[in-house]
Number of protein chains: 2
Amino acid sequence: MPYRSTKRTEARKAAVRERISNAARELIAEGGYANAPVAAVAARAGVAVGTVYRHFHSKSGLFAEVFSAASEHEVEAMREATALPGAAAGERVAAGIEAFAHRALRGRRLAWALLAEPVDPAVEAERLRLRRSYRDVIAAVLADGIEAGELPAQDADASAAAVVGAIGEAMVGPLSPTANGADPEAAIAALVSFCTRAIGATTIETTPANRMETANVNA
Amino acid sequence: MPYRSTKRTEARKAAVRERISNAARELIAEGGYANAPVAAVAARAGVAVGTVYRHFHSKSGLFAEVFSAASEHEVEAMREATALPGAAAGERVAAGIEAFAHRALRGRRLAWALLAEPVDPAVEAERLRLRRSYRDVIAAVLADGIEAGELPAQDADASAAAVVGAIGEAMVGPLSPTANGADPEAAIAALVSFCTRAIGATTIETTPANRMETANVNA
DNA sequence: TTAAGAACTGAATCGTGGTTCACTTCTTCC
DNA sequence: GGAAGAAGTGAACCACGATTCAGTTCTTAA
């Protein structure tokens with residue numbers, strides 16, 4: 001048995017795999033799924049088409065993985081943004097929305113691909129998990145607020161889903177501000193006050209100061 | 001010049017055209033755009049593939065027309081639902097949301113196809129118009145309410161967009177109640193109170209009575 | 001009845017893009 | 001150096017679905 005894979009080759013293999021998934025993510029972020037046929041992904045990664053299939057079972061397998069990784073990253077960003085010890089639920093939700101909104105505006109095409117652009121069933125399943133994750137992060141905060149008496153009684157899951165929808169439409173969808181050339185910051189402010197009222201938090205005006213603060217979470 | 005189209009043939013032609021677009025709408029409502037290849041549309045309409053192309057310039061032309069007609073119908077339903085002379089803005093928005101929600105739940109697949117499922121650019125343009133129309137209907141009511149002093153000052157367009165997004169996510173998206181087996185009526189109630197708070201209306205509890213009333217608008 | 005002009009038909013064509021596979025090029029270890 | 005096995009290559013293959021078009025059938029008006 002003259003050949004045995006070694007650390008060096010393992011690393012090289014992993015590197016190629018990552019080049020491929022990075023290429024896929026970049027292409028998707030630039031022009032959506034339609035912009036990322038296997039041939040283009042391979043070209044961007046600097047490998048042959050066949051090589052893609054040596055590292056991934058199929059195109060949808062590759063996409064599902066890319067999607068999943070990107071999703072996790074996004075949700076983690078929101079989770080961190082809402083982790084404000086001692087803050088009121090309203091503030092925490094506002095922080096989460098701002099984090100989401102800033103990220104979505106920065107990577108508008110990717111956000112759309114993640115949240116809405118339809119693909120094949122395998123990826124669709126990942127998308128469901130992403131949206132659920134977003135909802136759960138927000139719902140958890142709402143539950144805290146309700147228990148603490150800061151927020152009125154309400155179906156936390158339903159409210160959280162509506163918040164996710166509102167953000168998505170206002171930031172990523174065709175009605176979003178940058179699509180119309182409007183000022184993104186103003187749109188975010190409007191969205192935050194909308195959602196703040198919606199969850200029944202005593203209206204807190206987000207200051208430019210704390211908005212910048214949460215904006216920095218975008219890593 | 002032995003042949004000249006007559007009323008009879010014109011009518012027959014129009015009938016065929018309508019059979020085709022109806023077939024397309026039905027197939028889309030059953031299984032989305034992927035369920036409606038030209039061959040299937042032709043089969044359902046009882047004509048040959050070529051005939052479809054005699055009546056429509058292309059597949060996307062056909063789809064755009066079908067989409068546009070369905071959209072108009074939906075928006076009109078919402079417009080009628082919100083036309084409650086003398087009612088407060090909050091009630092009117094609530095009525096609009098209930099109309100939207102009931103229609104979306106009844107024709108979930110079609111609603112998804114209209115609001116979110118991605119297709120080609122020609123259809124995408126129609127979708128933008130649909131969402132804008134929804135937003136504009138709601139924004140108009142909000143503007144009335146703001147002017148009348150019933151609602152706090154806010155960016156009516158931004159709020160309306162967020163409302164559209166919230167409805168979409170809560171009713172059509174993957175987080176929607178029927179997707180999870182929950183009680184649709186409860187979800188609608190949660191959504192209505194969420195949006196009512198969001199626009200800053202003094203909370204009005206929608207009664208089962210007026211909910212039934214607006215439900216009947218679904219024509 | 002018949003010529004002229006639709007309308008209709010559906011098999012053939014074509015483009016696109018995912019997937020395969022026979023072959024070449026490395027790596028490793030004796 | 002050389003054998004065994006991996007990894008890489010890309011042209012060829014294949015499925016799918018939109019579009020075309022030469023031939024057929026139907027309508028009309030003389």
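The values are calculated or read from the model by the stated rules, or taken from the named source; none is laboratory data. The shown structure was predicted, so the numbers you read here are calculated from the model rather than taken from an experiment. Note: ideal-geometry Cβ built from the backbone for every residue, glycine included; neighbour counts use all protein chains shown.
Key figures for this structure:
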read-out: Boolean, residue A:119 is touching a residue at least 40 places away in the same chain (Cβ under 8 Å), of a type outside the set (D, E, K, R) and not in a helix (DSSP H, G or I); value: yes
read-out: Residue list for region A:31-43, filter: without any contact (Cβ under 8 Å) to a residue 40 or more places away in the chain and either in a helix (DSSP H, G or I) or within 14 Å of DNA strand D (Cβ to nearest atom) (or both); value: A:34, A:35, A:37, A:38, A:39, A:40, A:41, A:42, A:43
read-out: Filtered residues of region A:45-67 (kept if within 13 Å of DNA strand C (Cβ to nearest atom) and under 27 Å from residue B:120 (Cβ atoms)); value: A:49, A:52, A:58, A:59, A:60, A:61, A:62, A:63, A:64
read-out: First in region A:1-30 and within 14 Å of another protein chain (Cβ to nearest Cβ), second anywhere and near DNA strand C (Cβ under 10 Å from one of its atoms), Cβ under 7 Å, 6 or more apart; value: A:28/A:35; A:28/A:36
read-out: Residue B:136 modelled with pLDDT of 90 or more, surrounded by fewer than 23 Cβ atoms within 10 Å (Cβ to Cβ) and not small (Gly, Ala, Ser); value: yes
read-out: Matching residues, region A:131-169, being aliphatic (A, V, I, L, M), at the interface with chain B (Cβ under 8 Å from one of its Cβ atoms) and free of Cβ contacts under 8 Å to residues at least 24 places away in the same chain; value: A:158
read-out: Residue tally, condition closer than 30 Å to residue A:124 by Cα and of a type in the set (Val, Ile, Thr), over region B:110-150; value: 2
read-out: Criterion (crowded, with 16+ Cβ neighbours inside 10 Å, away from DNA strand C (no atom under 12 Å from the Cβ) and at pLDDT below 95) met by exactly one of A:70, A:95, A:77; value: A:70
read-out: Test result for residue B:148, small (Gly, Ala, Ser) and farther than 18 Å from residue B:80 by Cα; value: yes
read-out: Lone unmet requirement of (1) of a type in the set (Lys, Arg); (2) within 30 Å of residue B:136 (Cβ to Cβ); (3) near DNA strand D (Cβ under 9 Å from one of its atoms) for residue B:4; value: (2)
read-out: Qualifying residue in region A:76-86 (condition: within 14 Å of DNA strand D (Cβ to nearest atom) and not basic (Lys, Arg)); value: no
read-out: Any chance residue B:46 is away from DNA strand D (no atom under 15 Å from the Cβ) and small (Gly, Ala, Ser); value: no
